[in-house]
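Only one structure is covered here, and it is reproduced in the block below.
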Amino acid sequence: MKQEFIVIREKETAARVQNTRINAVRRKDIVKKGVRVYENGKIGISGAIGDISDDVLVQGAVENLAAGIDYPYPLTENTKDHRNYNAKPMTSEELVDLAESILSTLRRDYPDFSFSETIAAYEIDMEMRNTAGLDLKYSDAICYLGLILKEKKTANLFDGFISCDGRQFDLDKFWDITHQVLEAYRTPVALPPGDTLPIISFDTSGTLDFLRKSLNGERYATGSSLFSGKMEQQLFNEKITVEINRNPLSWPKPFFDMEGVVLKDDRYPLIAAGKLVGVFTDKKIAAQYNLPHTGAAGGEYDDMPGIDASRSTPLPLRFKSDSTDLKSALKGQPAILVIASSGGDFTPDGSFAAPVQVSLLFDGEKVVGKLPEFTMRSHLYKMMGEDYIGTFDNDILYLGDLPTQLQCCCMTIVR
Amino acid sequence: MFKFPQGLYVDVRIEETFDTKISFKKLELEAQKVRTNKGAFIRIFDGNRWYYSSTTDVEGIQEHIDALAKMAAPNPDILQHPLVQAFEVHQDTLLRHDQDSVTAIPVQKKQQLMESYLALITDPAVVHHTSYYVDNKTIKSFYSSKGSAITFDKQTCGIRLTLEIACGENKDQVTVSKAAENFAGMQGLEAFITEEVNKSVAFTRDAQPVVPGEYTVLLSPEATGVFTHESFGHKSESDFMVGDETMKAEWALGKAIGQELLTIIDDGGESGGGYTPYDDEGTKAAKTEIISRGILTGRLHSAATSAALEEPLTGNARAMNFEFEPIVRMTTTYIAQGNRPLADIIAEIDDGIYVDTVKHGSGMSTFTLAPARSYKIEKGRITTPLKISVITGSVFETLAEVDAVSSEFKLVTFVGGGCGKMEQWPLPVGFGGPYTRVKKLKVQ
């Protein structure tokens, strides 16, 4: 009987902020363990939170074999890869000092705003090993600042965000952009004329969520994906590449999937030069539908691994940056930098609409003022096709030392 | 039980959970998970700052109390602090599910129930489906240095089906969910499932793109629930109001913000997803009329916001689980039942939209509803299915646009989702209400 062990240890110190002051300090120290056993093409799984002994968990997993769940796929074997992406995590004391310093400056320089939420330091160690020689370990530590800001003169729940995530906290860069953004918040400006305007987003998660549904190998194979039957067809603008990207330097998450698979260069392309070149699969879906295996299994520590497993571990899809000069790409036209767009969605056939609650006017080099609320509207194939301008490395809006991107396309504006 | 340090307020919340999750791909069993877990959240207050610790080491709670106490500055007057004075003290044991506990139902029986429902999905347009049965029983114990000692339980069972539908080039992914407080409540859902599958297939096959614009919108009880939660519920969470004079002035109690037909209630004592007989600070559940006959009459509070705004406690300090501190959250929030028959309300709509089911919603200054199934209303009749990306309205104006609520009324509870507030998502809540007509909303 083969056995497989997953251990996740998470520690966090969080300064909880209310009205620009720390009102609480929270410490977390959580252990989660999962065990899988494999016998005669079946899998048994058990798990627990807390430091429960392996023997107890193995016993639970063996009992779970009785459920008769098939898993006739080869385990990932003989792979050792230990990676530590931050050997010098921020201590609790350093975190609280950093938070006090930032909040003190915000209180002094921006008394017309109040700031609330979290400044935190987070550490994770995740191990996955099995009796067939798999031995993976991911260690990392990041600090993150996520503050909602509220203009004291408005009756809104909140009026915007400032955020910064990274393994180190570059205060100079943080203040440089934060001063610029907060000054822009103080400067109301009108929407530029025109029914169609360039929209810049640093959060591409809405589009990627929709693509994640359509690039799911099982949906593709069963005919329910928008892209079913379109392999090798040109779907989008030829600049666009979308890939599975498990490089923790891009996204601070484990570099392996929940079946212990490590991708070559931590990447796997699904859309290349605008063409559909792949759909994502785990071992089961690849075998069942005769599709290439892309190491896309997700799930919690004690879940059956799978591509539709848990929303808490979405597959790390990412656009590849394809353009370098945002100012030139805008050709002198003012653009809208979206800060908060909550609640929008795609229809199943790709029509898109979303209210933009907070946005800033961008002149090609800097943000110059806060825009009124509006709604943006388009269609997936237009946003990623004729109206696509490019995906750029974000060297304009410092959001921490994790590489972020700005994506730009034209959309219809509903005022 | 615990040795509480002098000069500090301390509370300890211990959560013991039993969970089952049985997953399927079509008719094939995909996973069968049964777990029992325990974790604790400890809070210490010194009159100036809170110190929290979340741990899976339940045997070591005393050590966590002592470690947090070392970070705090003891305050001999802590009991006179207005916030500490606001904390209620109760000794109570409220175990409602000893007789119908999901822990006593064999996992095979739960699996068989799900298999019987999955056998009903035979329409060839449903090209694939994944699904699960899930249950949870949580026993919460709460102890405070003021003398509270409370234990209560809460239980949910539910099913969730994700249907992949393809009718030629028309495709959709549809979710069907139903929940109850015990296993018996999950029996007899055959007609519900068959109807939902049939409606979803017909919708995918026939839905047309909406012509964007402003419409009169009729909301089902489910959509009314999301609307109420997003358009006003979050505004009533008073942590947004503490220290904010503009918010206090805008949302002053006594202000008229809707027509007389509109009453909105939050009730932690209501059975279902939002059931919270004691909140996570030990405050007993209250039935709070947030809006009474169109007038703003209440807000939702934790002890901190109650003390800061000098308003009564409401039992709305809730944490997602033992990893988080309680913050102000809704419980079961709904528009009160009206007195007009649904048929009369529809008959008055000449050109409008009916929203049957909703994928998600959000509630900043502009609130949103993303409909799953919606239909055109023409000359008083519900007609063509419509594909809609999003419906939006201003939280400051829309409640005044509610001009009819029906005598038909339903509260709903789902599994597999919940309310999100910053880092704490998903928190189970209950919602629902009557059919509600809103005169004017933007539809895209």
Subject >> Odd one out for B:Trp50 among (1) without any contact (Cβ under 8 Å) to a residue 40 or more places away in the chain; (2) facing another protein chain (nearest Cβ under 9 Å); (3) of a type outside the set (Ser, Thr, Tyr); (4) open to solvent by less than 40 Å² (accessible area, probe 1.4 Å) >> reply: (1)
Original post:
Is it the case that A:Phe169 is assigned to a loop (DSSP other than H, G, I, E, B) and over 28 Å from A:Leu371 (Cβ atoms)?
Top reply: yes
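Which one is farthest from the other protein chains (Cβ to nearest Cβ) among residues in region A:149-174 that are under 25 Å from B:Asp244 (Cα atoms) and of a type in the set (Phe, Trp, Tyr)? Walk me through it before giving the result.
Pass one, region A:149-174, residues under 25 Å from B:Asp244 (Cα atoms): A:149-163.
So of that shortlist, the ones also of a type in the set (Phe, Trp, Tyr) come out as A:158, A:161.
Working: A:Phe158: 7, A:Phe161: 11 Å.
Ranking the qualifying residues of region A:149-174, first place goes to A:Phe161.
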Original post:
(1) surrounded by 22 or more Cβ atoms within 10 Å (Cβ to Cβ); (2) within 14 Å of another protein chain (Cβ to nearest Cβ): which one isn't true of B:Ala249, the others all being true?
Top reply: (1)
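Run down A:Thr281, A:Thr294 and say which single residue is at pLDDT 95 or above, among the β-branched types (Val, Ile, Thr), out of contact with any Leu (no Cβ under 7 Å at 6 or more places or on another chain) and surrounded by 23 or more Cβ atoms within 10 Å (Cβ to Cβ).
A:Thr294
Tell me whether region B:89-103 contains one or more residues that are in a loop (DSSP other than H, G, I, E, B), within 26 Å of A:Ala67 (Cβ to Cβ) and over 26 Å from the mean Cα position of the chain (by Cα).
Here is the first cut: in region B:89-103, the ones in a loop (DSSP other than H, G, I, E, B) are B:89-90, B:95-101.
So of that shortlist, the ones also within 26 Å of A:Ala67 (Cβ to Cβ) come out as B:97, B:100-101.
Retained after the next criterion (residues that are over 26 Å from the mean Cα position of the chain (by Cα)): none.
Looking for residues that are in a loop (DSSP other than H, G, I, E, B), within 26 Å of A:Ala67 (Cβ to Cβ) and over 26 Å from the mean Cα position of the chain (by Cα), one finds none in region B:89-103, hence no.
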Subject >> 2 or more residues within 14 Å of chain A (Cβ to nearest Cβ): qualifying strands (runs of 3 or more DSSP E) within region B:391-434 >> reply: B:391-394, B:419-421, B:424-427
**OP:** Provide a single number: the residues in region B:305-336 that are of a type in the set (Gly, Ala, Ser) and crowded, with 24+ Cβ neighbours inside 10 Å.
**Re:** 3
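I'd like the residue in region A:1-19 that is in a strand (DSSP E or B) and more than 12 Å from every other protein chain (Cβ to nearest Cβ) and, out of all such residues, is most open to solvent (accessible area, probe 1.4 Å). Outline the logic, then answer.
Taking region A:1-19 first, the residues in a strand (DSSP E or B) are A:2-18.
Filter once more, so that each one left must be more than 12 Å from every other protein chain (Cβ to nearest Cβ): A:2-7.
On the way: A:Lys2: 86, A:Gln3: 48, A:Glu4: 4, A:Phe5: 22, A:Ile6: 3, A:Val7: 10 Å².
That would be A:Lys2.
Is it the case that some residue within region B:322-344 is assigned to a strand (DSSP E or B) and either free of Cβ contacts under 8 Å to residues at least 24 places away in the same chain or small (Gly, Ala, Ser) (or both)? Steps first, please.
So in region B:322-344, the residues assigned to a strand (DSSP E or B) come out as B:327-328, B:332-335, B:340.
This time we only want the ones that are either free of Cβ contacts under 8 Å to residues at least 24 places away in the same chain or small (Gly, Ala, Ser) (or both), so: none.
No, every residue in region B:322-344 fails to be assigned to a strand (DSSP E or B) and either free of Cβ contacts under 8 Å to residues at least 24 places away in the same chain or small (Gly, Ala, Ser) (or both).
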Subject >> Subset of region B:349-365 [surrounded by 20 or more Cβ atoms within 10 Å (Cβ to Cβ) and more than 18 Å from the chain's Cα centre (by Cα)] >> reply: B:Ile349, B:Gly352, B:Ile353, B:Tyr354, B:Val355, B:Ser365
**OP:** For B:Asp92, state whether it is surrounded by fewer than 20 Cβ atoms within 10 Å (Cβ to Cβ) and either more than 13 Å from chain A (Cβ to nearest Cβ) or in contact with a Ser or Thr (Cβ under 6 Å, 6 or more places away or on another chain) (or both).
**Re:** yes
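So, A:Gly223, is that one over 15 Å from A:Tyr388 (Cβ atoms), in contact with a helix residue (DSSP H, G or I) (Cβ under 6 Å, 6 or more places away or on another chain) and either within 11 Å of another protein chain (Cβ to nearest Cβ) or not charged (D, E, K, R) (or both) or not?
On the way: over 15 Å from A:Tyr388 (Cβ atoms): yes; in contact with a helix residue (DSSP H, G or I) (Cβ under 6 Å, 6 or more places away or on another chain): no; either within 11 Å of another protein chain (Cβ to nearest Cβ) or not charged (D, E, K, R) (or both): yes.
So A:Gly223 fails the test.
List the strands (runs of 3 or more DSSP E) that sit entirely inside region A:20-119 and contain at least 2 residues that are touching a residue at least 24 places away in the same chain (Cβ under 8 Å) and open to solvent by 40 Å² or more (accessible area, probe 1.4 Å). Steps first, answer last, please.
Working: elements: A:21-39, A:42-49, A:79-84.
In region A:20-119, A:21-39, A:79-84 are the strands (runs of 3 or more DSSP E) which contain 2 or more residues that are touching a residue at least 24 places away in the same chain (Cβ under 8 Å) and open to solvent by 40 Å² or more (accessible area, probe 1.4 Å).
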Original post:
If you scan region A:360-386, which residues turn out to be more than 22 Å from A:Thr187 (Cα to Cα), without any contact (Cβ under 8 Å) to a residue 40 or more places away in the chain and open to solvent by less than 40 Å² (accessible area, probe 1.4 Å)?
Top reply: A:Ser378
**OP:** With the checklist (1) closer than 23 Å to A:Ser46 by Cβ; (2) part of a strand (DSSP E or B) in hand, flag the one item B:Ser53 doesn't pass.
**Re:** (1)
Original post:
Out of the residues in region B:208-241 that are aromatic (Phe, Trp, Tyr) and in a helix (DSSP H, G or I), which is most open to solvent (accessible area, probe 1.4 Å)?
Top reply: B:Phe240
Original post:
Would a scan of region B:27-36 turn up a residue that is of a type in the set (Gly, Ala, Ser), open to solvent by less than 20 Å² (accessible area, probe 1.4 Å) and touching a Gly at 6+ places or on another chain (Cβ under 9 Å)?
Top reply: yes
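If we keep just the residues of region B:145-163 that are open to solvent by 10 Å² or more (accessible area, probe 1.4 Å) and assigned to a strand (DSSP E or B), which is farthest from the other protein chains (Cβ to nearest Cβ)?
From region B:145-163, those open to solvent by 10 Å² or more (accessible area, probe 1.4 Å) are B:145-147, B:149, B:151-152, B:154, B:156, B:160, B:162; that's our starting set.
Narrowing the set further to residues that are assigned to a strand (DSSP E or B) leaves B:149, B:151-152, B:154, B:156, B:160, B:162.
Values: B:Ala149: 24, B:Thr151: 20, B:Phe152: 21, B:Lys154: 19, B:Thr156: 18, B:Arg160: 12, B:Thr162: 8 Å.
Restricting to residues being open to solvent by 10 Å² or more (accessible area, probe 1.4 Å) and assigned to a strand (DSSP E or B), the top hit is B:Ala149.
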Original post:
What single numbered condition from (1) in contact with a helix residue (DSSP H, G or I) (Cβ under 7 Å, 6 or more places away or on another chain); (2) within 14 Å of chain B (Cβ to nearest Cβ); (3) not basic (Lys, Arg) fails to hold for A:Val242?
Top reply: (2)
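The values are calculated or read from the model by the stated rules, or taken from the named source; none is laboratory data. What you are looking at is a predicted structure, and each value in this text was computed from that prediction instead of being measured. No Cβ is skipped: glycine too gets one built from the backbone with ideal geometry, and neighbour counts run over all protein chains shown. Areas reflect the complete protein model, heavy atoms only, side chains present, ligands, DNA and RNA absent. Shrake-Rupley method; radii C 1.70, N 1.55, O 1.52, S 1.80 Å.
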